Every structure is written in structure tokens, then in C-alpha cells.
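Colleague: Before we start, here is the structure in question, set down as C-alpha cells.
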Amino acid sequence: MAIAPGIMWGQPLSPPVWHGRELSPAELMAMLREMGLQTIDIFARHAAAYGVGPLRDALDGSGLRCSCYYIQGDLLAEGDERRAVDEAFANGLEAAAALGSPLVFTHGAQHGREGEEALGAYIEVLGERNAQARDAGLTLVIENAGRLVRTPEHLLAVMDALAADGLRLCPDVGNLSIWGIDEVEALRRCLPWTAHVHLKDLHPDYVGNEQARGMPEVLGRGVTPIAEVIGLLHDERWDGAAVWEPGPHDERGIEAGIAELLRLTR
């Protein structure tokens, strides 16, 4: 059992620029693999920008693997927006399969809502989307985010309803830090259903953020106890990708964060 160190393809690598030079996806992935990473999480916007075929070629050429594919859309949308979400989700499942990702991640429904009624509606529609993912041979994962699903109790309520149908969790430990929740204990409670982990190291200025959004610091320099989180994964012999979510860091920050991730996951 081993932890696979990975990175979320977010800012500042979208579009990928390194020391002033714009990189192709193939160049980016080769560079990240040479740094020692094993996986990369890819957003639907990357498939739209570059095409699924070139991204798959970049993965194959670099030796990186896509550990999770991100599909954006408000699952609780109605009318024309709901139809757009339906199309995006179907396209996302196809892209994830083509890229060899075992996991798909849904985002876009958890901010701007809160309360038990909204959570119940979210769980209901998650069941529908989970069935779609399962039929495509993929596993759907969700994270704790926003106000709607911000605590381990919220995540476990979702698991009570849908774990038997194959839905799984992607805890974001930095999002727990926003609310002052014990990150290690929360992860411990969720670990039996955890298929993926987001290693956001929350910038201290975003603790208690009223919008429930967090800005990542360079890994190891924020307020989230990343070393203890990864220590728990090691102790429990957890097998999966632990993925760093970088923020608006420069090249030195990216290199430092990756170095810290590799040091902790060895």
C-alpha cells in the first residue's frame, strides 16, 4: 500500500507558464514527472482547451497518470442550466474514461447553499450522478466545501445515504482548517470511504473565511497540519493519490511544495 504524490492542475499552472515560457501539456507533465510526482488531477476546462487526445498523449509520454477528473456544474440547477449540467456531466464521464482516470469529482453545487433541506436535495441528485458514473465504470467523489458540506458530519451523512452505491469521499483538509475543525480526526473518521485526498495547506488569512473559500499556501507553510495528515495516511496504510492543491505561487513556491510533498509521502 502506498501514497501516490500528485498535484491539482490549478493555478498558477493554468495555462502552464514556467519562467516566462508557456508550456504545452506534454511539457508540463514531463516536468512534473521529472520532479517526482506520480499523478495529476485534470479539470474539464483543460480538455476543452487542449483536447482529450493530446492530454492522453501527454500523460502517456510523461508517465504521469490522471488520478481524478473534475466536472464543474451546479447539480441543483434547474431549467436550461440543468440541461447544460447534464451535457457537461456526460461529456466529463467520457473524457475521464478516455484519460484513464478512475475517479470523477463534481464541483459547483456546494457554495451558496446551506442547511438540512439543501443537503437532502444535494444527496438526492448525487445519487443520480453517482449512478451515471458507476454505469460508466467510474467512481464519483465529493469533497467538503462551502457551507453545504463543511463538516465530517455532513460527509458522513452523504455516506450513510450513498456509500453502498459506490459514492466515495475526497476530503480537503485545508477546507476543514477554514472552520477550525480538527483535520486529522476528521480525516480519520472519513478514511474508510476516502478514495482521494486534497492537500490544501490553508493560508492563515483565510481561517474563518465567511465565503467558505480558502487560499492555499505553499505546502508545509500554512496552518493545516499536513505532516500529521500524511502521517495518518501512512499509519493506516491508505492507498491512493494525495494531491497538493497549489495557490498563486511562483516557480520557487511550486518546487518547494512538491519537494515537501515528496518528502512526506516517501
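The values are calculated or read from the model by the stated rules, or taken from the named source; none is laboratory data. Because the structure is predicted, anything quoted here is derived from the model rather than measured. Ideal geometry is used to build each Cβ from the backbone, glycine not excepted, and the neighbour counts take in all protein chains shown. Please note that ligands, DNA and RNA were not included when accessible areas were found on the heavy atoms of the full protein model with its side chains. Shrake-Rupley method; radii C 1.70, N 1.55, O 1.52, S 1.80 Å.
Colleague: Residues to consider are E87, E27, E34; find the one that is within 20 Å of H249 (Cβ to Cβ), out of contact with any Pro (no Cβ under 9 Å at 6 or more places or on another chain), in a helix (DSSP H, G or I) and modelled with pLDDT of 95 or more.
Modeller: E34
Colleague: Restricting to region 199-257, give me the number of residues that are in contact with a Lys or Arg (Cβ under 7 Å, 6 or more places away or on another chain), open to solvent by 20 Å² or more (accessible area, probe 1.4 Å) and under 24 Å from E114 (Cα atoms).
Modeller: Here the count works out to 1.
Colleague: Have a look at G100, G92, G73 and point out the one that is touching a Gly at 6+ places or on another chain (Cβ under 9 Å), open to solvent by less than 60 Å² (accessible area, probe 1.4 Å) and closer than 18 Å to G51 by Cβ. Outline the logic, then answer.
Modeller: Numbers: G100 fails: touching a Gly at 6+ places or on another chain (Cβ under 9 Å); G73 fails: closer than 18 Å to G51 by Cβ.
Exactly one residue qualifies, and that residue is G92.
Colleague: Within region 10-44, which residues are surrounded by 16 or more Cβ atoms within 10 Å (Cβ to Cβ), in contact (Cβ under 8 Å) with a residue 24 or more places away in the chain and touching a helix residue (DSSP H, G or I) at 6+ places or on another chain (Cβ under 7 Å)?
Modeller: L13, P25, A26, M29, A30, R33, L37, I40, I42, A44, listed by residue number.
Colleague: Take A109 and decide whether it is part of a helix (DSSP H, G or I) and free of Cβ contacts under 8 Å to residues at least 60 places away in the same chain.
Modeller: It is false that A109 is part of a helix (DSSP H, G or I) and free of Cβ contacts under 8 Å to residues at least 60 places away in the same chain.
Colleague: Restricting the search to region 65-88, which residues are within 16 Å of the chain's Cα centre (by Cα) and within 18 Å of Y122 (Cα to Cα)?
Modeller: Y70, I71, Q72, G73
Colleague: Can I ask one more? Considering only region 59-70, state which residues are surrounded by 22 or more Cβ atoms within 10 Å (Cβ to Cβ) and in a helix (DSSP H, G or I).
Modeller: L59
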